[in-house]
Ligand code: CAA
């Protein structure tokens, strides 16, 4: 097994690191406090080609592999998880599915501008609308309806906790067309935000990733042309699951970055801070914490890269992405708590960044499938039914 990165992958990692340090670090605390969407940062990210990293260049993407995507997600998430979630959703939940399953016409109309991320010098990104007030983990219980009316669907319902909800120009919406068919009665539709009947609901006041843009979206008799359906009639649920399998690699890499960012800060602080006459990293209590953090973070990284490798090499990655996500997100939650502990009182105040990373870590155990959902996916695969 090879553990070396190609020159191109190393270059991408460096570009992402430079971007995070130079563009995201300044103002990250203030944006978190004010819940201010990082518009300039995400626009710059798009101009660097990071919003459609894996999309074929003929549709405006960068044509890179999933390993490069993991490396970039890790570096950006070390500094600003509000920026990286925006990048993750656009890359893997929106662009990947459009490239895999859309018609040429749909790709030209929607994928190309979404992969570039900028139209007429303005940010142009997408959002993925699956979750509902009463359908989170139980995603087949969609209440949003898309009723067939000849040449269009009539879309009604409410979607919740939508990342990029207020900023996105295009929504990929899962909706129930035929309830009798259960998961096979669900369709995925491409909906434009400025169509009549689409309303952006209030912005969520969140614990973490506070600068990211999370809204409910309401649809009232929205006419969606039939040509905006993705794939065959009834393909919507499988479409969502396949998109989420890739999305979970992105969120696993985000969690990895949050953990690694907290670890790097804790390591640095432990070298500078003295107690009982020596740097605190000369005390075994701190040394063992750092040793465990380094080990678990390395294990997370290996799982993320394994899932990315599976995807790049046309292997089934639905289980490896769930493994990467559950392990990395639980590592992120644990490692950020340890990082705050190592910082002591300083860790509890905003200037030292680790309290924000701790708050940001929590969502990685919830979105794009909770840890419990990941364990469902893994256990179904490992237990012979
Ligand atoms: N690929 C292909 N087909 C798949 C699939 C996959 N990865 N996963 C499921 N399917 C198929 C199944 O084979 C099944 O087909 P058959 O009926 O023909 O056998 C069908 O889809 C239904 O699947 P299940 O019976 O497994 O469905 P379930 O009701 O038991 O649910 C679940 C399975 C894994 C719990 C799923 O509902 C799930 O992943 N829930 C979590 C949803 C989620 O991740 N939400 C996150 C929202 S998005 C978000 O957070 C984005 C954001 O903004 C950041």
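If eta is 1.567 mPa s and T is 4 °C, what Stokes-Einstein diffusion coefficient results for segment 135-278, Kirkwood Rh from Cα pairs, in µm²/s?
In µm²/s, the coefficient is 74.
Value of Rg to Rh for segment 27-110, rounded to two decimals, is 1.02; Kirkwood radius and Rg both from alpha-carbon coordinates. Its Cα gyration tensor gives segment 116-159 an equivalent ellipsoid; the semi-axes, largest first and in whole Å, are 27, 18, 7. Computed across the chain, the Kirkwood hydrodynamic radius from all distinct Cα-Cα pairs reaches 21.1 Å. The modelled label-to-label distance for the pair residue 278/residue 382, using points 7 Å beyond Cα in the direction of Cβ, is 4.0 nm.
What percent do you get for the relative contact order of segment 1-71 when only Cα pairs under 8 Å and 6+ apart count?
Numbers: 41 pairs, mean separation 18.4, N = 71.
Computed over segment 1-71, the figure is 26 percent.
Round to a whole angstrom and tell me the spacing of the C-alpha centers of segment 316-385 and segment 62-83. Measuring centre to centre over Cα atoms gives 17 Å.
Ordering 219-231, 371-383 by mean Cβ neighbour count within 10 Å, with the highest value first, yields 219-231, 371-383. Convex hull volume per residue, computed on the Cα atoms of segment 287-385, equals 106 Å³. Using a cutoff of 8 angstrom between alpha carbon atoms and counting only pairs six or more residues apart, the relative contact order for segment 57-115 works out to 46 percent. Put simply, when 6-15, 67-76, 107-116 are sorted by average Cβ atoms within 10 angstrom per residue, most first, you get 67-76, 107-116, 6-15. Any idea what the relative contact order of the chain is, in percent, if you count C-alpha pairs under 8 Å spaced at least 6 apart? Answer for the chain is 16 percent.
Just to be sure I understand the curve: with the Debye formula and one point per C-alpha of segment 328-371, what is log10 I(q)/I(0) at q = 0.19, 0.27, 0.32, 0.34 Å⁻¹? The Debye formula, applied to the Cα set alone, gives -0.52, -0.84, -1.03, -1.11. Highest mean packing comes first when the peptides 185-192, 119-126 are listed by Cβ atoms within 10 Å, giving 185-192, 119-126. For segment 228-293 and segment 170-186, compute the distance between their C-alpha centroids and round to whole Å. Centre-to-centre (Cα) distance: 33 Å. Stokes-Einstein diffusion of segment 6-153 at 25 °C, 0.890 mPa s viscosity, Kirkwood radius from Cα pairs, rounded to a whole number: 148 µm²/s. When only alpha carbons of segment 95-186 are considered, Rg and Dmax amount to 14.4, 45 Å.
At full extension, residue 295 and residue 100 could sit 66.6 nm farther apart than now, given 0.36 nm per residue minus the alpha carbon distance. A Cα-only calculation for segment 1-76 places Rg and Dmax at 13.8, 46 Å.
222 nm [θ] for the chain, helices only, -39500 (n - 2.57) per DSSP H run of 4+, per residue, to 500?
Result for the chain, helices only: -15000 deg cm²/dmol.
Laboratory data are not the source of any read-out in this text; all were calculated from the coordinates shown. This structure is a prediction, so every number in the text was calculated from the model and none was measured. Cβ sites come from the backbone with ideal geometry, for glycine too, and all protein chains shown count toward neighbours.
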